[in-house]
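Below: the structure, in structure tokens.
The values are calculated or read from the model by the stated rules, or taken from the named source; none is laboratory data. Note that this is a predicted model, so its numbers are computed, not measured. Every residue, glycine among them, receives a Cβ derived from its backbone with ideal geometry; neighbour counts consider all protein chains shown.
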Amino acid sequence: MCGIVGYIGNREATPILLEGLKRLEYRGYDSSGISTLVDRSFKMSKQTGRVADLVRLASKDRVSGTLGICHTRWATHGGVTKENSHPHISFDGKISLVHNGVIENYLSIKKFLESTGVEFQSETDTEVFCNLIAYHYAKEDESSPTRFLDSVRRTLKHIEGTYGIAVICADCPNELVGARKGSPLIVGIGEDELLLASDVSAIISRTTNVVYLNDGELVSLKDGKVNLTTWDDQERTPDIQQINWDIEESELGDYPHYMLKEIFEQPEAVTNSMRGRFSDDRSSAKFGGLNISPQELRQIDRILFCACGTAWHACLVGEYLIERYARIPVEVEYASEFRYRNAPLDKNTLVIVLSQSGETIDTLAALSEAKRKGFRTLAINNSVGSTIAREADGGIYQHAGPEVGVASTKAFTSQLTILSMLALYLGRLRDLSYQEGIEYVDALEKLPNLIGETLKINDAVLKVAEKYKDMQDCLFLGRQDMFPIALEGALKLKEISYIHAEGYPAAEMKHGPIALICKECPVIVLATQPDIHGKLVSNIQEVKARGAPIIAVACESTPLPDDLVDDQIIIPDCHRSILPVLASIPMQLLSYHIANLRGCDVDKPRNLAKSVTVE
Ligand code: AGP
């Protein structure tokens, strides 16, 4: 969750580190800090609050030097205080370290170090890590040129838990060390400089050449060289990969918030998700990286989706789409539950994990568990080279472009688009006719324009948001494939506006949540499907009879009578395979405007982080 950047080169490290850190702030933003090495002692600034405050502090503290590390924190062990923020410096002033992850056995190590006289300044597991390196460093042979690296290696043998770390040593002005287990870490190879980061976005303005560390690897960046080894000191030749991100894609431009920018980028994002992925006869989809043949796919008799949060909602839509168009039974599991639940699975099950970041620890663990059991696995994710992408047997990249806003928007609709294409592909391998395939592809090709049309509701949604911005509770109702969209609408509203919201299947409301209905609890109804229109009208009547204000989302050709609803947002008519994408847009805009009108920090909501890399 936390963001890490390290720098070693010929230039002043501080501005480079802080620029990288700003781009990582979406990973966590409780507190931040930087340390550099000057004349064999550390210069450090750290504080609670945002990176913008750290920039001012580091300039006031005159943090300088050409070697340094920095960190933006999402608290796990210990409250949000200056003492608990990273970097940490060891008891003897020799080691400075930043860390992303959780050390599970930190208490026993802390006890041991205390018995040797070490005094701790913070409540964190990270300070324990830092002091253990210093402890081993003091014991290593002083004349060894690999003394620092060896002390890190020795420490890792005693550490249980997850980590991505960047470490510097007061005696080693030419060396930056990193290691990973369960938390991402990459090396950036720039011109006369090397960088370490937990995420490509931190270094993209300096280089597009990167090396991904694998779990159990350490890296020493020294004298312009990248020395990659495993815990047991086996060397690995760095495999340099080229990142094809455009830096402008992750800039805010004229938008006030990343979330709004990303909502408006959706026509382009889904275009990129679909590019080159239709069959030559335009009756099906095709995917390059599945690593599973059509013959093998025909043997699959069940699909299990695993994901977290918004990606889990996308899986629920995938269930409707695949069962409807491909007639393959689908199950959807929370990745965090699947990893510890010994669910009996049929041998012909295909396990598909979804993750925007490709680094969510629970999704990664679910993937590993499925692989361990011998299932074929696929990953749908938006981050080229991410851990999940590399671990899965095959996959589909979303190509939606970097998503910075913590509340996922374009990554979600891009996942829905890919799932719709997957339903088409699997359907065409089975019983979906050529003609149905042609109509399906035609619908998908129209999707970017239809999203553009739908985005024209922005002003109308703003008016609705102004009317309801002070509500304390809100219900989102939908049926069938609109139920996951209701869940997603409620999640969006909760996470950025802090309004209590629930998503429910519209007819299920009678079995409990109807007790919540009152005039202070607006109800948002996704009344978009013509085939169940009458049923949805009945559900709305039930709510209306109990006095709740009703905001309906309906399609052009099936609007609801004005006297039935208080407010109505109209989206274009479309093929059922893409309806979930269009219906998501009013949900996104409504939560964005409400949060903004309430003065909430839309892109960095409290307590959240973009990528959840701890359990
Ligand atoms: C989305 O708005 C959320 N912030 C969150 O639920 C997110 O979708 C979840 O943490 C999964 O992330 P991933 O797609 O990167 O795995």
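Go through region 216-239 and report how many residues are surrounded by 13 or more Cβ atoms within 10 Å (Cβ to Cβ) and farther than 21 Å from THR155 by Cα.
So the first thing to find is which residues in region 216-239 are surrounded by 13 or more Cβ atoms within 10 Å (Cβ to Cβ), and the list is 216-222, 224, 226-231, 236, 238.
Those left that are additionally farther than 21 Å from THR155 by Cα: 224, 238.
Total meeting the criteria: 2.
Residues in region 87-99: is at least one of a type in the set (A, V, I, L, M, F, W, C), assigned to a loop (DSSP other than H, G, I, E, B) and within 25 Å of the chain's Cα centre (by Cα)? If you could, list the steps in order and put the result at the bottom.
Of all residues in region 87-99, those of a type in the set (A, V, I, L, M, F, W, C) come to 89, 91, 95, 97-98.
Filter again for assigned to a loop (DSSP other than H, G, I, E, B), leaving 91.
Subset that is within 25 Å of the chain's Cα centre (by Cα): none.
No, because not a single residue in region 87-99 is of a type in the set (A, V, I, L, M, F, W, C), assigned to a loop (DSSP other than H, G, I, E, B) and within 25 Å of the chain's Cα centre (by Cα).
With the requirement that a residue be of a type in the set (A, V, I, L, M) and either at pLDDT 95 or above or touching a Pro at 6+ places or on another chain (Cβ under 7 Å) (or both), what does region 72-98 give you? Give the steps one after another, and end with the answer.
Within region 72-98, the first condition is being of a type in the set (A, V, I, L, M), and the residues that meet it are 75, 80, 89, 95, 97-98.
ILE89, ILE95, LEU97, VAL98 - these are the residues of region 72-98 that are of a type in the set (A, V, I, L, M) and either at pLDDT 95 or above or touching a Pro at 6+ places or on another chain (Cβ under 7 Å) (or both).
On the basis of being within 20 Å of LEU589 (Cα to Cα), surrounded by 15 or more Cβ atoms within 10 Å (Cβ to Cβ) and not basic (Lys, Arg), does GLU466 make the cut? Walk me through it before giving the result.
Details: within 20 Å of LEU589 (Cα to Cα): yes; surrounded by 15 or more Cβ atoms within 10 Å (Cβ to Cβ): no; not basic (Lys, Arg): yes.
It is false that GLU466 is within 20 Å of LEU589 (Cα to Cα), surrounded by 15 or more Cβ atoms within 10 Å (Cβ to Cβ) and not basic (Lys, Arg).
Quick one: count up the residues across region 341-361 that are within 16 Å of the ligand (Cβ to nearest atom) and either within 23 Å of ALA423 (Cβ to Cβ) or modelled with pLDDT of 95 or more (or both).
Result for region 341-361: 7.
Filter region 411-457 down to residues that are part of a helix (DSSP H, G or I), closer than 22 Å to GLU323 by Cβ and small (Gly, Ala, Ser) and give me whichever is nearest to the ligand (Cβ to nearest atom).
Residue satisfying both the conditions and the ranking: SER414.
Could you check THR124 against (1) buried (at least 23 other Cβ atoms within 10 Å of the Cβ); (2) in contact with a strand residue (DSSP E or B) (Cβ under 6 Å, 6 or more places away or on another chain) and say which number it fails?
(2)
Do we have SER35 as in contact with a Cys (Cβ under 8 Å, 6 or more places away or on another chain) and either crowded, with 24+ Cβ neighbours inside 10 Å or of a type in the set (Val, Ile, Thr) (or both) here?
Considered against the rule, which asks whether it is in contact with a Cys (Cβ under 8 Å, 6 or more places away or on another chain) and either crowded, with 24+ Cβ neighbours inside 10 Å or of a type in the set (Val, Ile, Thr) (or both), SER35 comes out as yes.
Quick one: which residue in GLY374, GLY401, GLY385 is modelled with pLDDT under 95, under 21 Å from ARG180 (Cα atoms) and out of contact with any Cys (no Cβ under 6 Å at 6 or more places or on another chain)? I'd like the intermediate steps shown before the answer.
Details: GLY374 fails: under 21 Å from ARG180 (Cα atoms); GLY401 fails: under 21 Å from ARG180 (Cα atoms).
Of GLY374, GLY401, GLY385, the one residue that is modelled with pLDDT under 95, under 21 Å from ARG180 (Cα atoms) and out of contact with any Cys (no Cβ under 6 Å at 6 or more places or on another chain) is GLY385.
Look through region 210-244, keep the residues that are aliphatic (A, V, I, L, M) and not in a strand (DSSP E or B), and return whichever of them is nearest to GLU160 (Cα to Cα). Steps first, answer last, please.
Within region 210-244, the subset aliphatic (A, V, I, L, M) is 210-211, 213, 218-219, 221, 226, 228, 240, 243.
This time we only want the ones that are not in a strand (DSSP E or B), so: 213, 240, 243.
Values: LEU213: 18, ILE240: 29, ILE243: 32 Å.
Per the stated criteria, the residue is LEU213.
Please find, within region 313-340, the residue that is nearest to the ligand (Cβ to nearest atom) out of those that are closer than 12 Å to ASP362 by Cα and in contact with a strand residue (DSSP E or B) (Cβ under 8 Å, 6 or more places away or on another chain). So that I can check it myself, show each step before the final result.
First, pick out the residues of region 313-340 that are closer than 12 Å to ASP362 by Cα: 333-340.
Then drop every residue that is not in contact with a strand residue (DSSP E or B) (Cβ under 8 Å, 6 or more places away or on another chain), which leaves 333-335, 338.
Working: GLU333: 14, TYR334: 11, ALA335: 8, PHE338: 14 Å.
The extreme case among them is ALA335.
Quick one: in region 58-71, which of the residues that are outside any loop (DSSP other than H, G, I, E, B) and at pLDDT 90 or above is surrounded by the fewest Cβ atoms within 10 Å (Cβ to Cβ)? Full working, then the answer.
Kept after step one, since they are outside any loop (DSSP other than H, G, I, E, B), are these residues of region 58-71: 58-60, 67-71.
The next check asks that each one be at pLDDT 90 or above; those that pass are 67-71.
On the way: LEU67: 21, GLY68: 31, ILE69: 31, CYS70: 34, HIS71: 31.
It comes out as LEU67.
Test ALA548 against the criterion of being in contact with a Lys or Arg (Cβ under 9 Å, 6 or more places away or on another chain) and of a type in the set (Gly, Ala, Ser), and give yes or no. Steps first, answer last, please.
Numbers: in contact with a Lys or Arg (Cβ under 9 Å, 6 or more places away or on another chain): yes; of a type in the set (Gly, Ala, Ser): yes.
For ALA548, the condition - in contact with a Lys or Arg (Cβ under 9 Å, 6 or more places away or on another chain) and of a type in the set (Gly, Ala, Ser) - is met.
Check off (1) β-branched (Val, Ile, Thr); (2) assigned to a loop (DSSP other than H, G, I, E, B); (3) surrounded by 24 or more Cβ atoms within 10 Å (Cβ to Cβ) for VAL553 and give me the number that stays unchecked.
(2)
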